[in-house]
Amino acid sequence: MTRGFTIFRCRNCGAALFPERLLCPRCHGADFAPERRDRGTVEEISTIRHMIGQTDWKPRVIANVRVAEDLHITVGLLDSSGPGDTIDLYEKAGAPFGVAHGASLPS
Amino acid sequence: MKAAIIGVGQSPYTRRPESGQSAHTFIRDAVRAALADADISARDIDGMAVASFSLAPDTAVDLAWKLGLSLKWLLQDTNGGSSAMNMLGHALRGIETGAASVILVTAGDATGLAGYGKIAASYNIATRDHLAPLGHGGPNGVYALVTARQMKTYGLDKTDYGHMAIAQRAWAAGNPNAVYRAPLTMEEYLGAPMVADPLTRYDCVPVVAGAQAIILAHPERVPRGRPVVRVRAIRHSFNHDNQAGDGLKTGISTFADALWREAGVRPGDIDVACIYDDYPAMVLAQLADLGLIPNGDLKRFARVDIGERRFPLNTHGGMMSAGQPGGPAGGLNHISEAVLQLQDRAGARQVPNARLAVVTGYGMTMYRYGGTAAAAILERTA
């Protein structure tokens, strides 16, 4: 798991995007710059207590997180952070995870 | 519009398909039921539209082959919860332009729970790569977040959604084809196991196996003695906001005014509403987008109009009680229910003198919420 999470910024109009698009939805430009975001703000959370088709599921927490003025992404929370909290972002194979700002990643 | 819905049919629904049952066999049973209802022969069909998550590797032409249908108009739709409405729109135009004269629209799925789980985890590239690795729980997790947002925005609590689940279950008691017909109490609703906070078991549409079919043709082909049901207006929306909003407004918000204008009626004229109900929050969102909730007061509408069944919403029980045999077939069941109500054929759940119905579709959870939506106004014309 690496520190920070990569979003994409349209080089033409500045729109923040995730996931990456083929064309910018705002200006239809095709040139994007990767942009690392280290932090985000949790807005809503949900504990996933049941997974369809699985019987040995361990609950996970997901969150709607604002990572830029005009961009929200869905993040896997690894601690008890909640709405209003600032979290540090991490990335694992293109998926975003987060823990409370300043906290260590769970072992 | 010159085309009419001349017949509807469904297969039995089941929670767990048995050996030998597949999307294909459920579709066959629904098609046979629709042909019988329309009082026509399979030889009369010259167009077909189909949507299914579990038809693969077969495609529409394979289904035509297996049903023995030789066609001059064929469509396979991929829009999930709004597939039924999308196919309806294409079929209407197919009849009206003369591309075909009798079009079968069908959908069905038999994924089983494990199969559904696999589809949910790999629904599109964004889901596969950016959501499933989080353990997001498929659409349950996505709409848990949307529901939390709606509760915060409109000051709703769990009981507000409970009124909808309970009311739809009460309607389902009058539908012999509904999978869940036993009365549901608020105590049971609130006490149900949490699936994805704040969604409990009764907020999550139950996956079943089954299929639906409807048939469109010139109104002259409506069986004798049966009222003609036509579509006064139909509109669609795809990727309305590039997933940049909060999900509390659906694509219906982009065309609702035009829909009512084209139909020449007002929200208050509607007798029956068949609103795509994968999650209660999205029902409220669609009703609000359609202008059916006075003053935007979602809480009052949920408690009084829906909860006391003053507003006939999803009178077949909706997918939440009738079952969801995949989004496409679930959407077709909403259209079928509107037809049955408008033809005074809805039995114990019949809404007296129903003349106008609104039907919607909503689906394709792309990343943060659904990206497809559609709505139509259906009328009884004779």
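Taken together, the values in this text are just the output of simple stated rules run on the coordinates, not laboratory data. Bear in mind that the values here come from a model prediction, so they are computed numbers and not experimental data. Here the Cβ positions follow ideal geometry from the backbone for every residue, glycine too, while neighbour counts run over all protein chains shown.
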Cys with no candidate disulfide partner in the protein assembly as shown (beta-carbon separation under 4.7 Å rule) = B:Cys204, B:Cys274
ask   = Okay, helix-only estimate at 222 nm for chain B: each DSSP H run of n ≥ 4 adds -39500 (n - 2.57), divide by all residues, round to 500 deg cm²/dmol; what do you get?
value = -10000 deg cm²/dmol
request  = Pull up the cross-link candidates among the aspartates and glutamates for B:Lys72, meaning alpha carbon to alpha carbon under 20 Å and not fewer than 8 places away within one chain.
outcome  = B:Asp44, B:Asp46, B:Asp58, B:Asp62, B:Glu96
query = How many partner chain Cβ atoms sit within 10 Å of a residue's Cβ in peptide B:125-135, on average, as a whole number?
reply = 5
request  = Would you grab the residues whose amide H sits under 5 Å from the one on B:Thr365? Only those 5+ places off in sequence or on another chain, please, with H modelled 1.01 Å from N.
outcome  = B:Gly371
Sites A:Glu91 and B:Arg15, calculated FRET efficiency, Cβ-Cβ separation with R0 51 Å, nearest 0.05 = 0.85
Flagged links, alpha-carbon separation over 25 Å, of B:Lys118/B:Lys299; A:Lys58/B:Lys118; B:Lys158/B:Lys249; A:Lys58/A:Lys92; B:Lys2/B:Lys249; B:Lys249/B:Lys299 = B:Lys118/B:Lys299; B:Lys2/B:Lys249
remark   = Expressed as a whole number, the average count of other chain Cβ atoms within 10 Å around the Cβ atoms of A:69-75 is 4
key: For segment A:1-68 versus segment B:303-374, the gap between their alpha-carbon centres in whole angstrom   = 33 Å
ask   = Using the Karplus equation 6.51 cos²θ - 1.76 cosθ + 1.60 (θ = phi - 60°), what ³J(HN,Hα) coupling, rounded to whole Hz, does each residue of segment B:181-187 give in order, writing x for Gly and Pro?
value = 10, 6, x, 10, 9, 5, 4
key: Inter-part distance where segment B:199-216 and segment B:1-80 are each reduced to a Cα centre, Å   = 17 Å
query = Of the peptides B:136-143, B:115-122, how do they stack up when ordered by the mean number of other Cβ atoms within 10 Å, highest first?
reply = B:136-143, B:115-122
ask   = Can you give the average number of partner chain beta-carbon atoms within 10 Å of each beta-carbon in peptide B:138-150, as a whole number?
value = 4
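Starting with the highest mean, order B:82-94, A:1-13 by the number of other Cβ atoms within 10 Å, averaged over the residues of each peptide.
Those peptides, ordered most packed to least, come out B:82-94, A:1-13.
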key: Sequence ranges B:227-236, B:202-211, B:340-349, B:257-266, ranked by mean other-Cβ count within 10 angstrom, highest first   = B:202-211, B:227-236, B:340-349, B:257-266
inquiry  = For segment B:147-182 and segment A:76-93, what is the centre-to-centre distance using only Cα atoms, to the nearest Å?
reply    = 32 Å
request  = For A:Asp56 and A:Arg26, calculate 0.36 nm times their separation in residues minus their Cα-Cα distance, and state this gained length in nm to one decimal.
outcome  = 6.5 nm
